[in-house]
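My questions all concern the structure below.
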């Protein structure tokens, strides 16, 4: 803590003893883990970096050769930019400022070429667009990768495509067509939100619920209803029902307890100061555990940058 | 980086292309140093991406030293967090297989 009057010098040893990480849940695209023993400033730094500074690849420039659909060019380009692209950004470089063409080390090229036509075999009275027309829905699976230069040699097994195949981009009717070429570059969320690799990344502190007095019978039942299910558990001790805090982690802190006069003074609601429950949900470009590792490395990179500057520029 | 100060003890660093992400965590690490009398950062204007980071030391220690130590400590923290996290992931995935 660094509030006035509280002196604690930095001790790497003490920090390492008190620090631990527990991975709670790891699912498809979602990671929930705990960090204990760290401070708010650093936890927030990780969260901010996950949201805004971990780079990804996304469509930046759209060259429109033909667009006769009712979706305007700029709207179409905006939608294409927001589609997450499954391409490991660590394999690519940033594009240099002012470089219009784009080389094979910093650009991925995609093509979307689709034309809607009428189905001659459709029934006479049918009004279902799925029967009447071919290709009337433009999905992200219609985007194809066009290798630039020596990209076929650099990435022989790679399959660059959008993360999800069923993102609806536009709707067409017979005679309309879309023919665009897209350039994907590497960018960070600070520049444009399309480059953010997480659906969201958030943290909360572990709740700390203490019962100041023993709570029994009806009060115990009411107390259990005030909190989220699973937080308070009722035990039968010597025939009487006694409430006990079972799992404070599940609580969502609705503070319903304080609305009831009888229960207000029996409970103390607080948060454990240095126990952070992180929840990272990835858009699918990179798995969430890789994202967290990258975020930590980016923070290290920032420090290193300033250390190098300090050493190189002589301070007066 | 630019530095500006009257004497070596209280210096205001101007860090370009930075915001609360590095500013707050660096301030936290520098405050942990008992030699530092005052440490703070502010963002001059939200449209410009730069921060004023001010360190004032008690005694005769030049202000660059706590700055450098804070950066090194922050690197140490990150390294340890990274190692712990990767070990945990590895243990969890290997336990899932075993």
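Quick note: the coordinates plus some simple rules give every number you see, no bench work behind them. From a predicted model like this one, the values you see are computed outputs, not experimental measurements. So basically every Cβ, Gly included, is an ideal-geometry build from the backbone, and we count neighbours across all protein chains shown.
Can you give me the angle between helix B:64-97 and the longest principal axis of chain B, using Cα atoms only, in degrees from 0 to 90, rounded to the nearest 10?
The answer is roughly 10 degrees.
Rounded to the nearest 0.05, what FRET efficiency do residue A:154 and residue A:270 give with R0 = 51 Å and r taken as the Cβ-Cβ distance? Could you check?
So the FRET efficiency works out to roughly 0.40.
If you line up the long axis of helix A:288-312 against the longest principal axis of chain A, both from Cα atoms, how many degrees apart are they, to the nearest 10?
It is inclined by approximately 90 degrees.
Something else now. Work out how much length residue A:75 to residue A:228 would gain on full extension: take 0.36 nm times their residue separation and subtract the Cα-Cα distance, in nm to one decimal.
Computed gain between residue A:75 and residue A:228 is 50.7 nm.
Further question: Relative contact order for the range B:10-96 using alpha-carbon pairs under 8 Å, separation at least 6, rounded to a whole percent?
Relative contact order here is 31 percent.
Once the Cβ-Cβ distance between residue A:216 and residue A:261 is put in as r, and R0 is 22 Å, what FRET efficiency do you end up with, to the nearest 0.05?
0.80
Would you calculate a helix-derived [θ] at 222 nm for the protein assembly as shown, using -39,500 (n - 2.57) for each DSSP H run of n ≥ 4 and dividing by the full residue count, to the nearest 500?
-9000 deg cm²/dmol
Going by the alpha-carbon gyration tensor, a ≥ b ≥ c the square roots of its eigenvalues, is the range A:56-194 rounded (a/c under 1.5) or, if a/c is not under 1.5, prolate (a/b greater than b/c) versus oblate?
prolate
Also, I was wondering about something else. If you find the alpha carbon centre of the range A:49-69 and of the range A:255-302, how far apart are they in angstrom?
31
Next up: Per residue of B:22-32, count partner chain C-beta atoms within 10 Å of its C-beta, then hand back the mean as an integer.
That average works out to 6.
Starting from the exponent 0.38 and prefactor 2.2 Å, build the expected Rg for the range A:181-316 from its residue count and divide its actual Cα Rg by it.
Against the empirical 2.2 N^0.38 Å value, I get 1.69 for the range A:181-316.
Would you mind checking the tilt of helix A:40-52 against the longest principal axis of the Cα atoms of chain A, expressed as 0 to 90 degrees and rounded to 10?
Around 20 degrees separate the two axes.
I need to check one value: relative contact order of chain A, counting alpha carbon pairs closer than 8 Å and at least 6 residues apart, in percent.
25
For labels at residue A:161 and residue B:92 in the simple 7 Å Cα→Cβ model, what's the distance in nm?
Simple spin-label model gives 2.9 nm for this pair.
Ok, one more. For residue B:20 and residue A:237, FRET efficiency with R0 = 45 Å and r from the beta-carbon atoms, rounded to 0.05?
0.35
Placing one identical point scatterer on every Cα of chain B and ignoring solvent, what is log10 I(q)/I(0) from the Debye formula at q = 0.12, 0.21, 0.24 Å⁻¹?
With no solvent term, the Cα-only Debye profile gives -0.48, -1.00, -1.20.
From Cα coordinates alone, what are the radius of gyration and Dmax values for chain A in angstrom?
Calculated on Cα positions, Rg and Dmax stand at 27.6, 86 Å.
When only Cα pairs under 8 Å and 6 or more residues apart are kept, what is the percent relative contact order across the range A:56-194?
44
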